[in-house]
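J.: Sharing a structure, written as C-alpha cells. Questions coming.
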Amino acid sequence: MTKDYFILHGNCIPVKGATRSIICDLQLGKYKYIPNELYDILNLSREHSITDLEEKFDLSEDGSLFHYFEALVKSGYGIFTNTPELFPVLDLEFATYSEVTNAIIDYNSTSTYNLISVIKQLEGLVCEAVQIRNFDGLNIDILEKISTTFSESSIPIFEIILKHDIIVEGRLESILENNSRFRYVIVHSSPVDKSIEIKNSKVHFTKKSIDSSSHCGQISSFFFTVNIESFTEALAYNSCLNKKISIDTNGEIKNCPSFEKSFGIINNTKLVDVLRNLEFKKVWKINKDQISTCKDCEFRYICTDCRAYTKNGGLFDKPQKCSYNPYIGEWEN
Amino acid sequence: MPDVITNIMAELNDQQFSITLKKGQKSLAARDINVIWYRRFQIKDNLNLSLEEFEKSTDSEIRRFRTSEKIALFRSLVYRLEDKFWLSHPDTAAVNKIMQLDIARKLEIIVPKTWIISSKEQLKEVLKIYPKLALKPIKDIRPISMGKKFFNQYTTIIEMDFLDHLNDEPFPFLVQEYISKDYEVRSFFIDDEFYSMAIFSQDNDQTTVDFRRYDYKYPNRNVPFKLPVDIDQKLKKLLRRLKLNTGSIDLLVSGDKYYFLEVNPVGQFGMVSSPCNYHLHKKIAQFLIKQDNA
Ligand code: SF4
Ligand code: SF4
C-alpha cells in the first residue's frame, strides 16, 4: 500500500533559525539539523500529501523531497502514513504542580541567615531542586547540618558547590554515604582535578576557583536539554528563571543572586510572600522569543538562558556568555 | 507522599456502622469520604510470630486464613463506601480478559481469535491452522521472584516447537492468533475522553511482541495518537458495558483494523501521560475534585 503523507513524529518538533533549522526529538533527547526550506515544507506536511507538496514547492521533477523524507524515516524522526490526522503534534502546554521548582542559595562564611529554615521553607513550597553555592569556605558543622536537613526533607534533588578545604574533603565521603539526595557536589579551588562517585552522587573536584556568583550564566551546546519538560517551559517561560527563587550571600531574596533587585531580606521576609508579589514573577515570562538574537536562533527552546549577564546589559539582550551567532550558524570564539 | 493508613477501625451497633481510617494523628471517617480513587488495596501483614514458630506452623494455612480475613475486611470497607463515587470500582475492576473479549466481540469490536488450552493435542490442532500464536496470562502479569531471578508473564510468541516443552495435560493457558501489527495503541480513559499513544516497536525484535519488554538501545517511538471516531465510540460503549469509568485499553493496529486486546481498569497512565504531555495526573486530580464537589 502506498502512503501519501510524510509526518514528523508528534514529539519531534522542528524549530527554525536564521540560517538553518533543527528537529528536536523530545522523546529521545537529541536534535538534527535540516535546511530552512525543509522546515517550511514540514510545517505543511500534515495537511498536504507528498505529491501536493512537490507541486507547491516546485520539486516534482527531481524526487529530492521523497529522499529527504525517506532519510527522516530512516533516522527515526517520522513516518509515511495515509492517516496523518490520527497522529497529532504533541500538546505543548507546560504544567508543574509546584510554585517553585528550583532554588539557588548562596551561603558564605560571612552569611548570617538561617540556612536550615530556608530549606524547610523550600520543602513547604514543594521545591524540586535546590542548589547551594559557597564561594569562600563552609564550616564542616554547617555542611553536616545541611546534609541532615536535606536527607530528612522531601526535596528530591540537591546540589552543592563549595570551596575545597582539607576537613571537608576528609568528611565528604561519610556525609554522602548517609545522604543519597546530593546529585552533584562541586569542590572548587581544589589542589587537583578529579571526578569520583560516592553512592548516588557525582563529585567533581576542580582547580578552578568559583569565587563569586559571576561565574554563572555560561551558555554552550553542552548545556542544551532536549526533553518535553524543558522545551515546553522554554516555549512560554524563561529557561533559567522560571519558578526559581534565590538568596544571595547577604540573605537578600532575589530572582537570581546576580540580580540587583532584592525582594526583601530572608531574616524577616517569608519566601511564600515574595512569591505572591507579581513583580517577582515578571522575569519568569521572558521567553527566548523576546530576547534579541536568541529569537532567531534554532536552539532557543533547548538552550539555557541568563538574564543577569547580557550583551549590552539590557534585560532583553542576548546572554553575554553565548558565542553562537545564529545569523551565520557558527560558534565564534 | 501518599498517606499510608496505619489503622482501620470499624464499629457496628444498632445505630450505625462506622469505619475510621487513621494515620498518626490524622483520621478519616467513612461518612466524610465522597470520592475514592481505587488503585490497589493492600494490608501490611506483619505476622507476630517468631520465625521458629512460623516455620513450625502450617504456613500455608495461616496465610490462607489471613488472606481470607483481609479480603473480608476489604469487602466490608467497599460495602460501607458503596454509595460513594469510585474511580474504578473494585467489582468492575475484577473482570478478566476472556470476559472483556467476549463483550467486545458482541459490540463488533475486532478481537484476536483466542483459545484457552489445556491439552497438547488441542494446541497442536490450533497451531496447524495458526502457526504463530501469542501466549499470555488470562488475567494480569504478576512478577514472580524465584531466587534472584524475576519472571514476568510477558506476551511470548509460540510455534510448533513449543509442543516439545509441554506435557499432555498442561495447566490451562491462553493463546491468541498472532497479529502482525503496524503499531500498538494504548488509550487511557478519563472523564469521558481517551488519551491515546501509538507505540512503534516493529523495528526491533525485542519489542515486536510486547512493548513492555523494553529495549534500551532501540527504544520504541511513543507518540500522541487520536482514535478514529468509530473506534472511539465503540470503545466508549465497551467501557460503559463493563461499568468502567476509567481504564487503560490496549489495541493493535494492522492496516485499517483495530484489534482490541484488553482493558486494564487500574492501568498505568504515567507511561501514556509523560511521552504525550497529556498531564493526566492533573486531569485525574481535577476530575476527582469535580466529583467531590458534585
Ligand atoms: S540569570 Fe544568569 S546568573 Fe542568574 S541564575 Fe540564571 S544563569 Fe545564573
Ligand atoms: S543565541 Fe541565544 S538561544 Fe542561541 S545559543 Fe545563544 S543563548 Fe542560546
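The values are calculated or read from the model by the stated rules, or taken from the named source; none is laboratory data. This structure is a prediction, so every number in the text was calculated from the model and none was measured. Cβ atoms come from the backbone with ideal geometry, glycine included; neighbour counts cover every protein chain shown. Side chains included, ligands, DNA and RNA excluded: accessible areas come from the protein's heavy atoms. Shrake-Rupley method; radii C 1.70, N 1.55, O 1.52, S 1.80 Å.
J.: Which of the residues belonging to the stretch A:297-322 are within 24 Å of A:Tyr39 (Cβ to Cβ) and within 8 Å of ligand 2 (Cβ to nearest atom)?
T.: A:Cys297, A:Glu298, A:Phe299, A:Arg300, A:Cys303, A:Thr304, A:Asp305, A:Lys318, A:Cys322
J.: Residues in the stretch A:215-228: is at least one within 14 Å of chain B (Cβ to nearest Cβ) and among the polar types (S, T, N, Q)?
T.: So far as the stretch A:215-228 goes, yes, one or more of its residues are within 14 Å of chain B (Cβ to nearest Cβ) and among the polar types (S, T, N, Q).
J.: Another question, if that's okay. For the list (1) more than 16 Å from ligand 2 (Cβ to nearest atom); (2) touching a strand residue (DSSP E or B) at 6+ places or on another chain (Cβ under 8 Å), I need the number of the one condition that A:Phe231 fails.
T.: (1)
J.: May I pose another question? For A:Asn277, indicate whether it is more than 14 Å from ligand 1 (Cβ to nearest atom) and open to solvent by 40 Å² or more (accessible area, probe 1.4 Å).
T.: Taking the combined requirement at face value, the residue satisfies it.
J.: Right, next: Just to be sure I understand the filter: pairs with C-beta atoms under 9 Å, separated by 6 or more residues or on different chains, first member in the stretch A:317-331 and within 14 Å of chain B (Cβ to nearest Cβ), second member near ligand 2 (Cβ under 8 Å from one of its atoms) and open to solvent by less than 50 Å² (accessible area, probe 1.4 Å). Which pairs pass?
T.: none
J.: Look through the stretch A:146-180, keep the residues that are under 27 Å from A:Gln121 (Cβ atoms) and part of a loop (DSSP other than H, G, I, E, B), and return whichever of them is modelled with the lowest pLDDT.
T.: This residue is A:Ser180.
J.: From A:Ser195, A:Ser246, grab the single residue that is away from ligand 2 (no atom under 16 Å from the Cβ), closer than 30 Å to A:Asp289 by Cα, among the polar types (S, T, N, Q) and more than 14 Å from chain B (Cβ to nearest Cβ).
T.: Answer to the selection: A:Ser246.
J.: Conditions first: (1) touching a Pro at 6+ places or on another chain (Cβ under 9 Å); (2) part of a helix (DSSP H, G or I). A:Leu143 passes all but one, so which condition is the exception?
T.: Exception for A:Leu143: condition (1).
J.: Out of everything in the stretch A:310-333 that is open to solvent by 50 Å² or more (accessible area, probe 1.4 Å) and among the aromatic types (Phe, Trp, Tyr), what residue ends up being nearest to ligand 1 (Cβ to nearest atom)?
T.: Per the criteria, the residue is A:Phe316.
J.: Separate question: Mind listing whichever residues of the stretch A:19-39 are in contact with a Ser or Thr (Cβ under 9 Å, 6 or more places away or on another chain), assigned to a loop (DSSP other than H, G, I, E, B) and surrounded by 16 or more Cβ atoms within 10 Å (Cβ to Cβ)?
T.: Correct list: A:Leu26 only.
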